[in-house]
1. Roughly how many percent of the accessible protein surface of the chain is carbon and sulfur, given a 1.4 Å probe and a whole-percent answer?
2. DSSP loop trypsin sites (Lys or Arg not before Pro) in region 20-62 with at most 16 other Cβ atoms within 10 Å of their Cβ, which ones?
3. Convex hull over the Cα atoms of the chain, averaged projected area in nm²?
4. Could you list, bin by bin from short to long, the percent of Cα-Cα pairs of region 119-159 in 10 Å steps?
5. Please list, ordered by chain and number, the residues whose modelled amide H lies under 5 Å from the amide H of His220; skip anything fewer than 5 residues away on the same chain.
6. Working with all protein chains in place, sort Ile45, Ile101 by solvent-accessible area computed with a 1.4 Å probe, largest first.
7. Write down the Kirkwood hydrodynamic radius of region 59-146, to one decimal in angstroms, obtained as one divided by the mean of 1/r over all alpha carbon pairs.
8. Rounded to the nearest 500 deg cm²/dmol, what is the calculated helix-only ellipticity per residue at 222 nm for the chain, with -39500 (n - 2.57) per DSSP H run of length n ≥ 4?
Amino acid sequence: MQLMEGTMPEPLNSGDISTRLQKIATLAREHPERAFRSIHHVIDIDWLREAYRRTRKDGAVGVDGQSGAQYARDLEKNLQSLLGRLKSGSYQAPPVRRVHIPKGDGRKTRPIGLPTFEDKLLQRAVAMALSAIYEETFLDCSYGFRPGRSAHDALQATRDELMSNRGGWVLEVDVRSFFDELKLIRYADDFVIIFELEQDAKRVEQVLPKRFGKYGLRLHPDKTRLMRFERPGLGGGGGGGRDARPATFDLLGFTHYWAKSRRGYWVVQRRTASGRLTRSLRKLWQWCKAHRHRSVGWQRAMLASMLQGHYGYFGLTGNGAALETFRNGVLRAWRNWLGRRGGKRAMSWERFTALLAYHPLPNVRVVHSVYRRSAKA
């Protein structure tokens with residue numbers, strides 16, 4: 001069936017964009033048994049303008065080399081042209097530029113595709129409509145690329161669940177070559193399942209490879225594991241024995257572990273995963289080397305932006321030591337490559353400290369505080 005305009009008091013392409021999206025979501029929620037066969041007529045020039053507003057303008061360019069800023073120079077003409085090609089059926093997506101980025105320890109790479117800016121814009125326009133439809137079907141435990149949800153929400157939900165149950169059994173799962181086998185646009189290729197009872201955890205552990213196998217997917221044998229993750233002092237020590245090393249698991253770039261709070265209570269803490277930290281510092285070192293001949297002021301501005309971005313994601317309560325390690329690594333890399341440009345001798349720490357007085361870098365900052373969150377609750 002077509003998009004069911006007749007079931008609504010007014011057509012879906014009336015009103016502002018937020019109102020139109022809400023109508024689509026309401027229709028999907030109230031009629032889950034009915035299928036949407038067309039969203040073509042929903043997309044008009046106002047819809048494309050909103051899609052343009054939501055599309056990142058500073059991303060890497062596609063095969064045509066056109067940036068967001070270049071597209072904006074004649075925005076209305078470009079949008080009208082895109083809409084005409086879309087409505088007539090003559091639009092054809094350009095080839096996607098393929099690049100490879102390091103993964104894990106850097107010995108392997110992950111292929112990613114870079115569409116043109118106009119194709120990103122149209123993808124955003126279509127995704128706006130599809131998200132309004134499918135958002136109604138997602139379970140509450142799903143966080144990947146959903147409106148109003150983030151990786152930090154998933155991390156907080158994991159911590160809350162472990163804290164409320166004083167731990168439990170954690171099945172850490174890694175799907176081998178997930179994006180090589182299934183090209184889904186979501187970050188849920190690594191996930192954890194938390195169980196209260198060991199027998200439930202083992203039952204799922206046994207059946208999970210068969211379930212994934214139905215879709216041609218395999219679990220990574222070295223990265224998929226079941227562990228006892230109970231609060232120390234409950235009998236298991238969190239690691240399977242009195243002298244065993246306490247269990248830890250990684251999720252979304254953080255290692256989760258039990259530790260004492262400042263008040264002496266056992267809490268689940270998160271620190272930057274060692275592999276992620278090493279990889280970030282390696283990339284930073286290469287960046288400083290490649291840009292060592294640029295002006296000091298320009299380098300300082302870029303490094304400050306990188307640090308703020310790092311704090312924005314990894315700045316969790318209890319992760320201060322890892323944040324300091326990253327900042328110190330930035331300082332070492334910058335000092336090293338500043339001292340090696342133009343055949344100069346190594347820069348002393350005294351001279352570098354003096355330079356930092358004029359070109360300071362941001363100090364460590366906790367952006368996501370559990371204490372601020374508790375105060376709001």
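1. Working: 11230 of 22150 Å².
Here carbon and sulfur together make up 51 percent of the probe-accessible area.
2. Taking region 20-62 and a limit of 16 other Cβ atoms within 10 Å, the loop trypsin sites (Lys or Arg not before Pro) found are Arg34, Arg37, Arg56, Lys57.
3. Details: hull surface 102.2 nm².
Averaged projected hull area, Cα only: 25.5 nm².
4. With a bin width of 10 Å, the distribution comes to 25, 46, 25, 5.
5. Residues meeting the criterion, in which the H sits 1.01 Å from N, are Asp174, Val175, Arg176.
6. Numbers: Ile45 30, Ile101 65 Å².
The most accessible residue leads, giving Ile101, Ile45.
7. Values: mean 1/r = 0.0642 Å⁻¹.
Evaluated on region 59-146, it is 15.6 Å.
8. Values: 13 runs with 167 residues, N = 377.
It lands at -14000 deg cm²/dmol.
The values are calculated or read from the model by the stated rules, or taken from the named source; none is laboratory data. Keep in mind that what you see is a predicted model, and the values were worked out from it rather than measured. FYI the Cβ positions are ideal-geometry reconstructions off the backbone, even for glycines, and counts take in every protein chain you see. Side chains are part of the model used for accessible areas, which takes the heavy atoms of the whole protein and leaves out ligands, DNA and RNA. Shrake-Rupley method; radii C 1.70, N 1.55, O 1.52, S 1.80 Å.
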